[in-house]
Amino acid sequence: MIDVDGYLAALGVARPAAPTAEALWALHRAQVERVAYENLDIHLGRPTGIGAAESVARIVRGRGGYCFHLNGAFGALLTALGYDVTQHRAGVQGTPEDPAGASGDHLALTVLLDGERWMVDTGLGDAIHEPLPLREGSYTQGPFTYGMAPSEAAPGGWRFTHDPRGSFTAMDFAPDPVELPSFAAEHIRLSTSPESGFVRVLTAQLRDAKGVDVLRGCVLRRTHAGGTDERTIDSADDWYEVLTGVFRLDLTDVDAPARAELWHRVHTAHQKWEAARGR
């Protein structure tokens, strides 16, 4: 069982009277606008599980997560509200050179509604703001244009392509339903392996109708219709203000020594990154 009322309160959405398209759109927008895609617990040394109830509890207390947490929780919420939800094995490609296919590093969701299936994904960070139909075509949301087409690498499934300004290139998902526990081993790899991007770089991302805010280490970027604004954050106070203000994260459980250690690690990594760039 999950805390449906607490979850809806965190999203600022009233309980829908029925599982309608209007309610689904409102829930999706609220989740990507209020619940950050973030990996702070990895960098705080706090292992997390991906069970739906645990992930919902994280959201209720003002935190987020990445795809296994966010889509796992959102799928459970939609199911509790009466939607026909399917979880899919998926794979995200960071660059055009990465092999396509449903590698299992992403949990994708679809919802069958009024005879049509929709991609519902709150765990892609800077990607969709509202559901997309599983129909081949091009779709614009805010400053981004996405593509949807049948997947050649995951036969019977679909391929979502991101805008060139996005943080990744594409995502393939397979057609067959899967259960959340099947991602447990991949979650451990992504959250512990030195090769994992989640381990290498702290990030927080939050989408809205007009664009997206992305923090990577000490660099904060805002992508919108007019382009991208960027600034480097040089102080711990400013950095934590961004996390709690821009990204709506409740960090009351992170005490002063933990905050100092986290900032030191992130800032040191940023200085090394700048040095490697010759700055």
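All of the numbers you see were taken from the coordinates with simple rules; none came from a lab. Everything numeric here is computed off the predicted structure, so don't read it as measured data. Don't worry about glycine lacking a Cβ; one is built from the backbone with ideal geometry, like all the others, and counts go over all protein chains shown.
Test each condition in (1) closer than 26 Å to A90 by Cβ; (2) in contact with a helix residue (DSSP H, G or I) (Cβ under 8 Å, 6 or more places away or on another chain) for L220 and report the one that comes out false.
L220 satisfies every listed condition except (1).
Select from segment 46-73 the residues that are within 12 Å of the chain's Cα centre (by Cα) and not in a loop (DSSP other than H, G, I, E, B) and list them in ascending order.
G65, C67, F68, H69, L70, N71, G72, A73
Among the candidates Y83, Y66, single out the residue that is of a type outside the set (V, I, T) and buried (at least 24 other Cβ atoms within 10 Å of the Cβ).
Unique residue meeting the criteria: Y66.
Take the residues in segment 6-33 that are among the charged types (D, E, K, R) and surrounded by fewer than 19 Cβ atoms within 10 Å (Cβ to Cβ); name whichever of them is nearest to I128 (Cα to Cα).
Looking at the filtered set, the residue picked out is E33.
Keeping to segment 173-201, report how many residues are aliphatic (A, V, I, L, M), in contact with a Gly (Cβ under 6 Å, 6 or more places away or on another chain) and buried (at least 21 other Cβ atoms within 10 Å of the Cβ).
Adding up the residues that qualify gives 1.
Inside segment 1-23, can you point out the residues that are among the charged types (D, E, K, R) and assigned to a loop (DSSP other than H, G, I, E, B)?
Within segment 1-23, D3, R15 qualify.
Yes or no: H43 farther than 18 Å from A209 by Cβ and assigned to a helix (DSSP H, G or I)?
Judged against the criteria, H43 is a match.
Check V120, V56 and return the single one that is under 23 Å from D208 (Cβ atoms), hydrophobic (A, V, I, L, M, F, W, C), in contact with a Pro (Cβ under 6 Å, 6 or more places away or on another chain) and surrounded by 16 or more Cβ atoms within 10 Å (Cβ to Cβ).
V120
Look at segment 224-265 and say how many of its residues are under 21 Å from D126 (Cα atoms), crowded, with 17+ Cβ neighbours inside 10 Å and touching a residue at least 40 places away in the same chain (Cβ under 8 Å).
Number of matching residues: 4.
Would a scan of segment 128-148 turn up a residue that is in contact (Cβ under 8 Å) with a residue 40 or more places away in the chain, of a type in the set (V, I, T), surrounded by 15 or more Cβ atoms within 10 Å (Cβ to Cβ) and within 15 Å of D105 (Cα to Cα)?
no
What are the residues in segment 245-263 that are within 26 Å of V212 (Cα to Cα) and in a helix (DSSP H, G or I), if any?
Matches in segment 245-263: G245, R259, L262, W263.
Just to be sure I understand the filter: pairs with C-beta atoms under 7 Å, separated by 6 or more residues or on different chains, first member in segment 11-31 and closer than 16 Å to A209 by Cα, second member basic (K, R) and assigned to a helix (DSSP H, G or I). Which pairs pass?
L11/R34
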